[in-house]
Amino acid sequence: MQVVESIQEMQLLSQSWKTKGCSVGAVPTMGALHEGHMSLVDLCSQNADKLVVTIFVNPTQFAPGEDLDKYPRTFDRDKKLCEEAGVDAIFFPSVSEMYPGDSTSWVSEEILSQGFCGGSRPTHFRGVTTIVTKLYNAVLPDVAVFGEKDYQQLQVLRRITRDLNFPIQILPGPIFRESSGLAMSSRNRYLSEQERKDSLIIYKSLKEAASRVEENSDLKAIRQFLTDEISSVGGNVDYIETVNADSLEKIDVAQGSVRCLVAAHFGPARLLDNIQLL
Ligand code: PAF
């Protein structure tokens with residue numbers, strides 16, 4: 001397995017694989033890899049000949065005061081996990097490699113990125129779409145895998161990939177959960193033991209909500225149920241929304257493909273989860 005730090009070297013490696021007729025798959029991450037990431041790696045390996053995991057804690061998707069500095073950085077462990085998973089290369093650039101001091105260009109998506117996580121983190125998605133575009137241009141993948149846990153991010157990235165004509169197939173990776181039901185996230189390590197227990201209400205109540213919803217159900221009542229459940233154990237709800245699973249338009253009556261999106265704070269951790277309701 002190679003660890004590649006320069007964009008040019010990464011492009012050359014990818015091009016050399018393609019010349020030999022191999023397809024290239026990318027799993028973009030910010031490191032601190034866990035089983036959820038490794039399930040994305042596994043999915044990617046089933047759909048591409050060569051496998052690149054990118055590890056880059058992207059400063060532009062963090063606002064001032066967010067957890068950029070304390071975001072976990074565990075490169076040695078990540079490298080071992082990638083080696084064991086048969087990854088061909090880790091793309092591990094520095095901040096100055098990805099953002100030379102005089103960078104002034106951005107990529108933004110202007111509809112799907114509004115509201116939800118984009119409402120509470122107004123500069124977040126511009127950072128995500130910019131870095132993913134730059135990672136595409138470095139790795140030159142044929143396939144890229146993103147997790148469904150960050151559901152809005154997945155839809156935004158699908159949209160920019162389509163709109164900007166990247167010849168890249170996006171594969172969504174199902175949410176990977178701890179045995180308790182908590183959706184895996186690098187930020188789960190911020191939770192105390194009690195907060196970890198309390199946060200299980202998110203998935204428990206989402207499952208209950210999914211079992212209650214049928215065609216034409218009142219989704220306002222479902223959202224209220226979820227708000228009450230999560231608040232009852234001290235969770236601080238950022239948003240709970242019921243949306244069309246493709247367009248992310250908010251909906252109040254269950255029809256078509258409905259996804260329920262949740263973001264809630266438990267102590268220092270802002271946790272995301274979601275479920276298909278219909
Ligand atoms: O989901 C993440 O880990 C990040 O937002 C991503 C897609 C790697 C961009 O930095």
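Screening R162, R158 for residues that are under 15 Å from the mean Cα position of the chain (by Cα) and open to solvent by 30 Å² or more (accessible area, probe 1.4 Å) leaves exactly one candidate, R158. Restricted to the range 45-77, and to residues there that are among the polar types (S, T, N, Q) and either assigned to a strand (DSSP E or B) or open to solvent by less than 10 Å² (accessible area, probe 1.4 Å) (or both), the residue that is farthest from the ligand (Cβ to nearest atom) is T54. Quick check on G31: is it open to solvent by less than 40 Å² (accessible area, probe 1.4 Å) and either modelled with pLDDT under 95 or assigned to a helix (DSSP H, G or I) (or both)? In short, no. All conditions in (1) open to solvent by 20 Å² or more (accessible area, probe 1.4 Å); (2) part of a helix (DSSP H, G or I); (3) within 15 Å of the ligand (Cβ to nearest atom) hold for L171, with the sole exception of (2). Exactly one residue out of K80, K18 is more than 27 Å from K149 (Cα to Cα), of a type in the set (K, R) and not in a loop (DSSP other than H, G, I, E, B), and it is K18. Taking the range 26-40 as the range and being in contact with a Leu (Cβ under 7 Å, 6 or more places away or on another chain) and over 15 Å from K134 (Cα atoms) as the test, the residues that pass are L33, M38.
Residues are listed down the side, and each one gets a yes or a no for (1) closer than 29 Å to I111 by Cβ; (2) free of Cβ contacts under 8 Å to residues at least 60 places away in the same chain:
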site	(1), (2)
I202	yes, no
K207	no, no
K220	yes, yes
L226	yes, yes
G234	no, yes
T242	yes, yes
G267	no, no
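Of all the residues in the range 110-130, those that are crowded, with 18+ Cβ neighbours inside 10 Å and touching a strand residue (DSSP E or B) at 6+ places or on another chain (Cβ under 8 Å) number 2.
Scanning the range 17-44 for residues that are in contact with a Ser or Thr (Cβ under 6 Å, 6 or more places away or on another chain) and within 16 Å of the ligand (Cβ to nearest atom) gives P28, A32, H37. The single condition among (1) outside any helix (DSSP H, G or I); (2) without any contact (Cβ under 8 Å) to a residue 60 or more places away in the chain; (3) within 12 Å of the ligand (Cβ to nearest atom) that F166 does not satisfy is (3). Of all residues in the range 179-191, which are open to solvent by 50 Å² or more (accessible area, probe 1.4 Å) and either among the small types (G, A, S) or without any contact (Cβ under 8 Å) to a residue 60 or more places away in the chain (or both)? Matches in the range 179-191: S179, S180.
Reported count of residues in the range 240-276, each being within 17 Å of A183 (Cα to Cα) and of a type outside the set (D, E, K, R), is 16. Among the residues here, G101 qualifies as of a type in the set (G, A, S) and open to solvent by 60 Å² or more (accessible area, probe 1.4 Å).
The values are calculated or read from the model by the stated rules, or taken from the named source; none is laboratory data. Everything numeric in this text was worked out from a predicted model, so none of it was measured. No Cβ is skipped: glycine too gets one built from the backbone with ideal geometry, and neighbour counts run over all protein chains shown. Quick note on the areas: whole protein, heavy atoms, side chains included, nothing else; ligands and nucleic acids left out. Shrake-Rupley method; radii C 1.70, N 1.55, O 1.52, S 1.80 Å.
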